[in-house]
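Read the structure below first, then the notes.
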Amino acid sequence: MAETRQSNQVAARTAERAAGAVGAELPPPRLGVALGGSLALVALGYAIVAGHGVQQGILYALGVLLGIALYHARFGFTSAFRQLVAVGQGAGLRAHMLMLAVASVLFAPILAAGVGFFGVEPAGFVAPLGLSVVVGAFIFGIGMQLGGACASGTLFSIGGGQTAILLTLAGFIGGSVLGAWHWDFWTETMPALPPVSLAESTGLGYGGALAVQLAIFAAIAGATVLIARRKNPPPRRPPAAASGVARVIRGAWPLWAGAVVLAGLNAATLLVRGEPWGITSAFALWGSKIAQALGVDVASWSYWSGERAAALQASVLADSTSVMNFGIVFGALLAAAIGGSFALHRRIPPKTAAAAIIGGLLMGYGARLAYGCNIGAYFSGVASFSLHGWLWIAMALIGTYAGLKVRPLFELANPKPTDSSC
């Protein structure tokens, strides 16, 4: 118990330094970390462009920008869900609605035109509505509350030096491989409806679908305000004291800024690669390559048939999702180092480690079942006008409620109405 309390205190102090509480001075930059990270970032970028072309290099650069934005805005999906369900603090979810609204406005003309850069024909993430999404999103919601981060949060937390999240990533990769192995069972034998696009399947068109989604976003944001009035939740931790250029480069960004930047970068991803931003398909690829190297015949799995078969044989640098993931880690590392908040956490209590691994396994498995994670299914799915994205968020919130009940078993604290801030 003492070790856990000490670890929680260290993590809280680190988070406070990273968020930059009002009146506190920003810590000095970690110049050595920034220099080493920059050299590694450039070297990997050169290898990507030299081996796989400019388009892949641009996607890597977009990943770097995503990592910077995620870290500076501390844009959380896990924390937003937890704060809403535990104490009714809806600021995080309102930021999600802004992000989804901006992304939908940007996605609609791109998808309607069907023309992108490098000759690609942009297409959104529209997936079937089935039991696999229900189960997958539910267990993903539990997993992210145990693992301490979602898919995007796992990557930018690793970049920030949070070593415990490496255990979450390991579980994430393992769970993704299990999900790929069981792909047939969930997609072929479980009941499901065909993919439904609000724009293309309903006759609304992209203009009508956009109007419907904007109304839903506004209604959800309004509902969170009403919930907050009833529950009177603790306020969110204040942003950094720095202002102007210093805040942009080193401090914490307001949530609205992170929402707008992430939406813009997702739209840019859609234009450059022809698909929106995703994360967890790369975890399945990495884990399957490892399993294959150990002698497992993963190529015989139906998940690795068709278009995916080539990815299993090619370099990970040829996989656009992988290079964007690498970019996110390096972008977050640079942001953390320049902001002075990069710090390796060397002591991980056993129960925290167990929760991280179990949470990662649940998220990896759930993401495969649900056709994506908080990014591929929720963010990019909803922005693509796919009903499966809406089903995902509903089930992930229910999973979050279940996850909050399980967290105390691993000595993980939940927000309380009496807390001074979230």
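For the reader, a short list of remarks on this structure follows.
- Selection of the range 308-328 for residues being hydroxyl-bearing (Ser, Thr, Tyr) and in contact with a helix residue (DSSP H, G or I) (Cβ under 6 Å, 6 or more places away or on another chain) yields SER320, THR321, SER322.
- Complete set of residues in the range 311-325 that are crowded, with 23+ Cβ neighbours inside 10 Å and of a type in the set (A, V, I, L, M, F, W, C): VAL323, MET324
- Failed item, numbered, when TRP390 is tested on (1) out of contact with any helix residue (DSSP H, G or I) (no Cβ under 6 Å at 6 or more places or on another chain); (2) crowded, with 21+ Cβ neighbours inside 10 Å; (3) aromatic (Phe, Trp, Tyr): (2)
- Checked against (1) under 20 Å from GLY76 (Cα atoms); (2) surrounded by fewer than 18 Cβ atoms within 10 Å (Cβ to Cβ); (3) not aliphatic (A, V, I, L, M), PHE379 meets all criteria but (2).
- Residues that are surrounded by 23 or more Cβ atoms within 10 Å (Cβ to Cβ) and not aliphatic (A, V, I, L, M), drawn from the range 57-73: TYR60, GLY63, GLY67, TYR71, HIS72
- Top-ranked residue in the range 143-189 [being among the hydrophobic types (A, V, I, L, M, F, W, C) and in contact with a Gly (Cβ under 6 Å, 6 or more places away or on another chain); ranked as modelled with the lowest pLDDT]: PHE156
- Search result, residues across the range 109-129 that are within 28 Å of ALA221 (Cα to Cα) and under 22 Å from the mean Cα position of the chain (by Cα): ALA123, GLY124, PHE125, VAL126, ALA127, PRO128, LEU129
- Against the test of being assigned to a helix (DSSP H, G or I) and more than 17 Å from the chain's Cα centre (by Cα), the options VAL406, VAL382 yield a single qualifying residue, VAL406.
- Qualifying residue in the range 354-375 (condition: assigned to a loop (DSSP other than H, G, I, E, B), under 24 Å from ALA127 (Cβ atoms) and not hydrophobic (A, V, I, L, M, F, W, C)): yes
- Cβ separations smaller than 8 Å between residues 6+ apart or across chains give the following pairs from the range 96-120 residues that are under 13 Å from GLU275 (Cα atoms) to residues that are part of a loop (DSSP other than H, G, I, E, B) and of a type in the set (D, E, K, R): GLY114/GLU121; VAL115/GLU121.
- On the stretch given as the range 293-328, residues that are in contact (Cβ under 8 Å) with a residue 60 or more places away in the chain, over 20 Å from LEU270 (Cβ atoms) and not aliphatic (A, V, I, L, M) total 5.
- From the options SER421, SER341, residue that is closer than 23 Å to GLY37 by Cβ and in contact (Cβ under 8 Å) with a residue 40 or more places away in the chain: SER341
- Residue in the range 274-288 that is modelled with pLDDT of 95 or more, aliphatic (A, V, I, L, M) and not in a helix (DSSP H, G or I) present: yes
- Taken over the range 148-192, residues that are assigned to a loop (DSSP other than H, G, I, E, B) and aliphatic (A, V, I, L, M) amount to 2.
The values are calculated or read from the model by the stated rules, or taken from the named source; none is laboratory data. Bear in mind the structure is a predicted one, so any value in this text is a computation, not a measurement. Please note: Cβ atoms are built from the backbone with ideal geometry, for glycine as well, and neighbour counts cover all protein chains shown.
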